[in-house]
Amino acid sequence: MTTDRCIKCGGCEQSCPVVCIEGIQSFSGPRTLAVDGPRFSAEIDHLRDHIMKCTTCWKCEEVCPSRIDLPQAILEIRKLMFDPLKMLPGHRRIVENVDRFRMSIEPEGEAPPAPAGEKGEVMYFPGCISRERIPSIYRGTVSTLEKVGADFGVPKGWVCCGAPLEKLGDRDRMDSLVEDNLRTFDGFETIITSCPGCTTQLFNHYGVEPLHTIEYLYESVGLNRLSFRHAGDIKVAFHQPCHLSRTIGRHSMDYALALLQEVPGLEVLELENADMCCGGGGGVVAGYPDVALDLAKEKMSSFSDSGADLLLAPCPFCVLNLERVGNSSVKEFVTFLEALLE
Amino acid sequence: MRCEALVIGGGATGAGIARDLSMRGVEVILLERGDFSAGATGRSHGMLHSGARYAVKDPDSARECAIENEVLKRIAPFCIEDTGGIFLGIDDSYASYLDTFMKGCSNTGVKAEEITVREAMEREPLISPSTRVAVSVLDAYIDPFFLTQANVAEARAMGAEVRNHCEVAGMDLWEDTVMEVRIRDRRSTSLNVIKPEMVVNATGAWSSRIASMAGLEIPIRVDKGSLVIMDGRKVNGLVNRLRLPSDGDIIVPSHSSSIVGTTCDEVPSPDDCVATIDEVKLLIHQAAEMVPSIGEARAVRAYAGIRPLPAEADEGRDISRTFKLIDHSQDGVVNMVSIIGGKLTTYRLMAEKASDLVIEKLGNRGKCRTASQEIGGECSDHEFDLISDLQAGRMAAKYGAACRDIAVMCSRTLRGRELLCSCEQVLRGEAEYFAQTEDVLNIADLLRRTRAGMGYCQSGMCVTRSLSVLEESGGDPLPLVQDFLEERWKGIQPVLFDTQLRQELLKVQLFKSLSLEWKGGEGH
Ligand SMILES: Cc1cc2nc3c(=O)[nH]c(=O)nc-3n(C[C@H](O)[C@H](O)[C@H](O)COP(=O)(O)OP(=O)(O)OC[C@H]3O[C@@H](n4cnc5c(N)ncnc54)[C@H](O)[C@@H]3O)c2cc1C
Ligand code: SF4
Ligand code: SF4
């Protein structure tokens, strides 16, 4: 195992947002969980107290001089440790929702109608949150695709991508979702998603090469100054979602900023610690809502300091968690762009 | 100072004798030149032998090990991990040996059972796919440091006077009797004198030196064995190579690491024995034939120990590993006995036999009870508030009956609960507990008692914290660190490749920031 390469520089702990905000007593941190703890034996039950507090933000891997994939190791341990009888209440709800609705969350009211085609050049995979919890993201993305003239459709009968289950360590259930989804994926050339969690999941477990909407808009559509109307001189700050900036890649951040630069009447202000996790990932919102909220508050306080009017985040999970702080200035990135698209 | 029995040597054997004699009401003084288990005991492989390794070539040792294996599991459960062991036949080299091996085991009362390769894979998922046969045995892991400490603690509880850092420097005889033994205590400058009725020489590889102080001669052969510590547990139980005993045959899971050993070479002196990089590479290469991932794992430290083998006609590995008890009245000194050879596994039996002889000479005081009485009394499972399960579990496995007091010490203050060593999950309170005692004079003493610094960073991070614990109880800090690091360096030098090299470079920088100019040992 590559965790063997740790030289105990402490970098991962110092940069881990959960350690920074919650303290090492509450979350013993990536090195203890992924490197030190498991060395003792196959009996890893003693890690249970803390291991579900990792948001899988992948910051620790980024700073590790030995390039140890600590979050992946943490996910492997979650898999080994998975015990349906010892789940946190929030995690049990996710599993129950998957069993009942094949979605990680309980559908709220009427889901927006699927767009015309069920097959096409581009497949849009909405993901649970965009579709059921913040349908404006779903509508915004569909409308964006229509505006840019894409030939697209939503696969009929798609289910949760399984990413939340991987985070809980429940790989069997995850695999069954993967199987269900793959049956609906036929006949599309390009796959795009709203949620970086879905993008990563599809890439890792479906054998496909999906694009996040931002990648698609930048690489395949080619928007320019003429594509947008004047934004009305507003200032925005840009939050870099972990699973987009680190898991999918830095290039997605460049794309996002490049897209914003094309919008007339828009100023992008510096956001301190823009790439720090908002707390929304890794099943922490469900498992330890207080921890997720602490991290979200930290992010929103950087936002207040930035002096911007809006905080843009290209990830439904981030939006969901940041909104819990009770500040209404958070906007999903693509939805925001869509409103300005001619 | 007078006493009935002076035991020289604080390895497992000496500590075991001190315990045994004290339990029978004898007034005992035990002296150790360095720290307890600093000799062969602490440099052993930590294998509680089932006897199987000796079943073919050394049946007496095999029999002794088979019996003591059961006894120790009963009396020292806290420091034993009863993991079981397997012997693996790799490729075709085992073919003719398997029968001989099984016969040897059954002749010596060693329990051994052939299992399918499939079963072996289930127990040890990382073993080589070229495994052809597997035999299950009762090997276990035993921690030599905690075993010795527990014997010392109990001897003290029964009234024995036990001192480490206290060297026997000479003896004065009157005719056929040792009258006075001169000792040099590191804590004071003056030379002290002890007047013992009986002297027990349990100094292992150094026993001929002690004997010569009384004008006696013990022919022993000093044999070096090297081992290498690999990070992480690659095996669940002990993994042995099924073949005639040779180099790199055994992998032992030890706390958070796997120890690969051993080699076997005669050396001129028992002092200053270190492992070499060639030995390390040989050991890793051999062990990787059984468990391939050992080949990619990280070697964090190497060490070597000296086997004191009673010198007979045979050579090296062929010399019997059973022990020898010498009553020196046959050579003209009536009140001295020496006990040499043996195994860690048979230390209790050796202690029993030596104690029996001492008792015989002092006048009867009753029978040996060490085979039935658990060391330190029973160690019940404690629930420690404020301390994580992982840490509480680690403490119970290290300190046995003493873990309650130590956990209390940790819980008392916020500082006590701080992590001192994260590799081994040692809390500051554990170190504070030992730092208060008279036994601890330096950093190594502290680390030996707590396992701090035994993990993969090899005390890069905990050394300064340990120092601050020691500082609180007085003492000049800098020379202590320097000494410690230089000693450590001997074990790190042979593994300076791959990740451990990067680790050491980081440490050099780190120590620099603490104004500690450390470039390894001399010449680096
Ligand atoms: C490499 C190696 C691996 C081994 N592996 C195993 C194993 O896996 N299982 C097993 O059962 N056995 C093993 N053994 C054997 C086992 O370690 C020894 O048989 C056992 O530890 C001997 O203990 P002891 O107390 O007799 O000797 P030691 O532990 O050597 O104790 C002698 C003590 O006497 C002290 N001393 C010396 N001179 C003086 C003096 N002048 N004054 C005061 N004190 C003095 C020394 O400092 C030393 O601490 C191994 C041995 C070696 C070398
Ligand atoms: S992935 Fe993020 S939250 Fe998890 S341990 Fe690493 S830095 Fe901390
Ligand atoms: S950053 Fe990497 S090398 Fe440094 S302590 Fe963490 S895991 Fe170890």
Taking the Cα centre of each part, how many Å lie between segment A:285-321 and segment B:423-466? 42
Which of the helices in chain B meet the span-like rule: DSSP H, Cα axial reach of 30 Å or more, Kyte-Doolittle mean at least 0.0? none
For chains B and A, what's the summed buried accessible area, probe 1.4 Å, to the nearest 100 square angstrom? 1800
Residue mean of other protein chain beta carbons inside 10 Å, B:423-432: 2
Listed residues A:GLY326, A:PHE203, A:SER15: farthest to the positive end of the dipole of chain A (Cβ charges): A:SER15
Roughly what % antiparallel, to the nearest 5, for the DSSP beta bridges in chain B? 75
Show me B:165-177, B:414-426 ranked by packing, highest mean number of other Cβ atoms within 10 Å first. B:414-426, B:165-177
Averaging sequence separations of C-alpha pairs under 8 Å and six or more residues apart, then dividing by the length of chain A, give the relative contact order as a whole percent. 18
Roughly how many Å² is the accessible area per residue of chain B, as a whole number, for a 1.4 Å probe? 39
Give me the inter-chain shielding for A:4-16: mean count of other chain Cβ atoms within 10 Å, whole number please. 5
Report the FRET efficiency, 1/(1 + (r/R0)^6), for A:HIS230 and A:GLN25, where r is their Cβ-Cβ distance and R0 is 51 Å, rounded to 0.05. 0.50
Sequence gap at least 6, Cα distance under 8 Å: using those rules, report the relative contact order of chain B to the nearest whole percent. 17
Leaving out ligands, DNA and RNA but keeping every protein chain, what accessible area does B:HIS285 have, in Å² rounded to the nearest 10, with a 1.4 Å probe? 110
Within chain A, how many Lys pairs sit with Cα atoms under 19 Å apart, leaving out pairs fewer than 8 places apart on the same chain? 17
Quick one: net charge around A:VAL98, please, counting Lys, Arg +1 and Asp, Glu -1 for every other residue with C-beta under 14 Å from its C-beta. -3
Just to be sure I understand the interface: list residues from segment B:486-512 that lose 20 Å² or more of accessible area between the chain on its own and the complete protein assembly, 1.4 Å probe. B:THR499, B:ARG502, B:GLN503, B:LEU506
Inter-chain shielding of B:228-236 (mean C-beta neighbours from other protein chains, 10 Å cut-off): 3
Need one number: % antiparallel among DSSP beta bridges in chain A, to the nearest 5. 5
Give me the distance between the Cα centres of segment A:120-135 and segment A:152-223, rounded to whole Å. 10
If ligands, DNA and RNA are left out, what is the accessible area of A:CYS9 with a 1.4 Å probe, given in Å² to the nearest 10? 60
Can you list the residues, at least 5 places off or on another chain, whose amide H is less than 5 Å from the amide H of B:VAL178, using H built in the peptide plane? B:VAL334, B:ASN335
From Cα pairs below 8 angstrom and at least 6 apart in sequence, can you work out the relative contact order of segment B:1-88, rounded to a whole percent? 20
Amide H contacts under 5 Å for B:SER257, restricted to residues at least 5 apart in sequence or on another chain and with H modeled in the peptide plane, are B:GLY232
For chain A, longest principal axis from Cα atoms; helix A:89-101 axis from its Cα atoms; angle between them, nearest 10 degrees, is 50
If you keep only loop residues by DSSP, which trypsin sites (Lys or Arg not before Pro) in segment B:106-144 have at most 15 other Cβ atoms within 10 Å of their Cβ? B:LYS111
Given a 1.4 Å probe and heavy atoms of the protein chains only, how would you sort B:ARG221, A:ARG133, largest accessible area at the top? A:ARG133, B:ARG221
Net charge around A:PRO264, counting only other residues with Cβ within less than 12 Å of its Cβ (Lys, Arg = +1; Asp, Glu = -1)? -2
Give the separation of the Cα centroids, segment A:3-34 to segment B:261-287, in Å. 36
Leaving ligands, DNA and RNA out of it, report the carbon-plus-sulfur percent of the accessible area of segment B:332-447 at a 1.4 Å probe. 47
With only helices counted (DSSP H, runs n ≥ 4, each -39500 (n - 2.57)), the per-residue ellipticity at 222 nm for the protein assembly as shown, to the nearest 500, works out to -11000 deg cm²/dmol
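The values are calculated or read from the model by the stated rules, or taken from the named source; none is laboratory data. Being a predicted model, the structure only gives us computed values, none of them experimental. Cβ: placed from backbone, ideal geometry, glycine included. Neighbour counts: every protein chain shown. Surface areas here come from the heavy atoms of the whole protein model, side chains and all, with no ligands, DNA or RNA. Shrake-Rupley method; radii C 1.70, N 1.55, O 1.52, S 1.80 Å.
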